[in-house]
Every structure is written in structure tokens, then in C-alpha cells.
1. What residue, of Gly358, Gly390, Gly328, is buried (at least 20 other Cβ atoms within 10 Å of the Cβ) and of a type in the set (Gly, Ala, Ser)?
2. I'm checking my understanding of the structure. Among residues of the stretch 282-303 that are out of contact with any Leu (no Cβ under 9 Å at 6 or more places or on another chain) and outside any strand (DSSP E or B), which one is surrounded by the fewest Cβ atoms within 10 Å (Cβ to Cβ)?
3. Regarding Gly372, is this residue in contact with a helix residue (DSSP H, G or I) (Cβ under 6 Å, 6 or more places away or on another chain) and modelled with pLDDT of 95 or more?
4. Go through the stretch 330-388 and give me each residue that's closer than 22 Å to Ala41 by Cα, part of a helix (DSSP H, G or I), among the aliphatic types (A, V, I, L, M) and without any contact (Cβ under 8 Å) to a residue 60 or more places away in the chain.
5. Looking only at residues in the stretch 332-352 that are under 26 Å from Val278 (Cβ atoms) and within 20 Å of the chain's Cα centre (by Cα), which one is most open to solvent (accessible area, probe 1.4 Å)?
6. If a residue has to be polar (S, T, N, Q) and not in a loop (DSSP other than H, G, I, E, B) to count, how many in the stretch 104-143 make the cut?
7. If a residue has to be under 13 Å from Thr32 (Cα atoms) and either more than 11 Å from the ligand (Cβ to nearest atom) or among the acidic types (Asp, Glu) (or both) to count, how many in the stretch 51-74 make the cut?
8. Based on this model, can you work out whether Ile146 counts as away from the ligand (no atom under 16 Å from the Cβ) and part of a helix (DSSP H, G or I)?
Amino acid sequence: MKYLTMDDFDLRGKTVFVRVDVNSPIDPVSGTILDYSRFEAHRQTLTELNDSKVIILAHQSRPGKRDYVSLKPHARVFSRIVDKKVDFVEDLFGEYARIRIENMENGDYLLLENTRFYSEEYCLKRGNPEETNIVKKLAPLGDFFINDAFAAAHRGQATLVGFAKEMPMLVGRLMEREIKMLTRFLDMKDRPKVAIFGGAKAEDSINVMRSFLERDIVDKILTGGVVSYFFLLASGFDLGDKSIAYLEKEFDDYSYYVNQARMLLDNYGDKIEIPTDVVVNANGHRKALPVKELPVSDPIYDIGLDTVVKYIEILRDSKGIILNGPMGVFEIPEFEVGTREVYRGVFKSSAFKVAGGGHTIAAIEKYGFSGGFDHISTGGGALITFLSGGKMPVLEALEESYNLFS
Ligand code: 3PG
């Protein structure tokens, strides 16, 4: 893929729009931003621009959600990141915002209001993004557009793609690193490569697994968490009433994914590892049992130690590892062993290592393993889409801008 970078132009003294993704968890009572990691991830891009006039564009959540709020508190976090005051204007493309932009000086940072407060951003069923008023009113004020919003790169919204034909759209430092490191994992020839899928987002995981196996991207897949429930069911194990009740509650049609898992096992059974033992929550206590003793009346909360040992052995020989999702309910200390020890196995491996996903990052940080990874992706849905070879409108826009302005 070809794109323009921040090294291709002298950005000093220029007016630069920067699209970031700092969509973050917000405390519903106090309105406090609970996690700054997505802000941190944009630090390099933003601080390198300290001789430009920098206008930051971002969204927070979606209409109808409790954390769909103004970006005013986000400006304070940005100020900590760039170590100078980041002004906020409660407007996106109206006269108020445009006058503030026109009066900016070099070294100024200005954050505009939540882009999703404006319907053109979000409801682009017809028409082209570059024809929105957001783009038509803002584009004449800027010299460059830096796109650093990897976590939203699977969206085709106006502030994400609409400026690509109006001015050079460059990859930000974070976007560049995300593309480079994830592509490196996908393309690396050193084998074996291992993917670990756990957590509760089984639909996404099964889709990525299928894509990885069809494209021969990995040699082994290790399953844990709710993802492994589907493969255990597809292998003929009955999990027991409580675990089944969980699946019925959380998935519209869980049997669809059991069938998907069965198809993957039929075609790629030698590449997919499923737990040989599990741990259930017996009134708050760990109780381990081999899967051949299933069903069990208590709910499954972790993988067992035999499975941990088997997974660690596989990780030891691997040259590339991608980690997505915990092995169990690691938030409860009693059931964290599987996640902690498999993650330790990843941490200790000398393989090229990438990870992504909110719970994955939380677990990596909890156990102090962050330093052991070559890359920790900021993407949720975007990471899944990128890994499975899906459509990434922002990457298409970057390529289009390269073709027009290189
Ligand atoms: C994310 O948090 O994954 C991104 O900000 C995209 O959010 P969306 O799924 O609401 O578009």
C-alpha cells in the first residue's frame, strides 16, 4: 500500500488537521475519562507538529450511548499529552470554529467538537464525503490532513475519508506503525506463527480465524475464553447448563457459531487447539476438571493447567504470535491463572509479538507484560477488519490521496 507520510512535507508553519481516535471509556456519573491509552498513542504525531497550527478532529462513542459526550474533557487530556494548552471549541465547521482556526498561530492546538454530533459525519448513506459541509467548510482553511485514527480506519465517515481529495492526506505516526507492524505479522515468512483467540467476542474471533486459516497466515490457533466454548461444543462436549445459558443470553444464535467452529475443525482441525481441561466457578472457588468429564453444573471461568502447559510449549517454538482476548475471567483473581500464565508464555517468547483488544491490553498491563510486545494495537473493530483482510476506507483514502498529491 502506498501513502504519504509526515516526512514527505515540511509541516512547519502550516495549518494541519489531525484526525485521531480517542474514543475512550467515560465514567457515567462523573464524566471522567477513565483510560488515556488512546491519547498516549497519538503523542508522537501531535508533539512533532509543535511548529504548526494543529486542529484536532475526533469522535466519542455513538448516538444513543451514555458516553456519547462533548470532547471538552478530552481537551484537558490532550493538553497533558502535548504539554501545552489545547483549546476546545464547541463547534465543528460553523463560523465560530472557522474564525478560531483562522486566528491560530504556529504552535497552537485546537480541538473541535465530537464529529459525530453532526449528522453529515455519521449518516452518509448517499453522496460523497467530500461533498459534506464539514469538508467543504473546513478544507479551504487547511494545508494538510494527517490521519492517525487507525482504530476508526474501518469507517468511511466524513472526517475520516472526506479530505483525501482536498489536500494531501498523510499517515500519522500511530497509523503508520499500526499498518507496518500488523502487516509485518501477516506477511512474515518465519514459521511457525501462532494466533491466540480468547475473550467473549467469538463472532469476530471466528471470522479472523477463518481468514487466517484460508490465507495460511498462521500454523496454530490456541483458543480460550468464550471462544473456546464454541470449539468444545463443535467437538461434541456438552458444557453444562450454566455455560450454555450464558451463550443463549449473549449471542442471538449461538448454534450458528458452533457450526462455524465445526467447519473450521473439519477443514483445519490439526491447526486448532482447544482446551483439554477447564476450571469452573464453584461458589467462587476454582475447580479443575478434564473436558472429558463435562458437562458440569458450574460455569466455566478459565482454562486448566494441562491446557496452559500445552499452549506454553507451542508458544516456545513460535516465530510470530498474535494475541487477542483473555483465556478466562482474569478480572477475578481466582480465575486469572490461565490468562496470566499463557500471557507470560507469550511475554517470554522471543517471537515477533503483537496484541490488540481492550481486555487483552488490560490483562497485559495488569501483569506488567507490556514491554515484551513489539506492538500493541489501538484498534478494536479496525484491528479485526484489518487482520481479516476486510475493507478499510481510511486506507483506501490514504492511497487515493497519495495518487493525487505525490
Ligand atoms: C472504536 O472504539 O473501535 C472506534 O472508535 C470506532 O468506534 P465505532 O465502532 O463506534 O465506529
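1. Values: Gly358 fails: buried (at least 20 other Cβ atoms within 10 Å of the Cβ); Gly390 fails: buried (at least 20 other Cβ atoms within 10 Å of the Cβ).
The unique qualifying residue is Gly328.
2. Initially, the stretch 282-303 is screened for residues out of contact with any Leu (no Cβ under 9 Å at 6 or more places or on another chain), giving 282-287, 289-290, 292-293, 297-298, 301-303.
Retained after the next criterion (residues that are outside any strand (DSSP E or B)): 283-284, 292-293, 297-298.
Numbers: Asn283: 6, Gly284: 9, Lys292: 8, Glu293: 11, Ser297: 10, Asp298: 17.
It comes out as Asn283.
3. yes
4. Ala362, Ala363, Ile364, listed by residue number.
5. Across the stretch 332-352, the extreme among qualifying residues is Phe347.
6. Here is the first cut: in the stretch 104-143, the residues polar (S, T, N, Q) are 106, 114-115, 119, 128, 132-133.
Filter once more, keeping what is not in a loop (DSSP other than H, G, I, E, B): 115, 119, 133.
The number of residues fulfilling the criteria is 3.
7. Adding up the residues that qualify gives 8.
8. Values: away from the ligand (no atom under 16 Å from the Cβ): yes; part of a helix (DSSP H, G or I): no.
The answer is no for Ile146.
The values are calculated or read from the model by the stated rules, or taken from the named source; none is laboratory data. No experiment lies behind these values; they were computed from the predicted model shown. Don't worry about glycine lacking a Cβ; one is built from the backbone with ideal geometry, like all the others, and counts go over all protein chains shown. Each accessible area value is taken on the protein alone, full model and side chains, heavy atoms only, with ligands, DNA and RNA left out. Shrake-Rupley method; radii C 1.70, N 1.55, O 1.52, S 1.80 Å.
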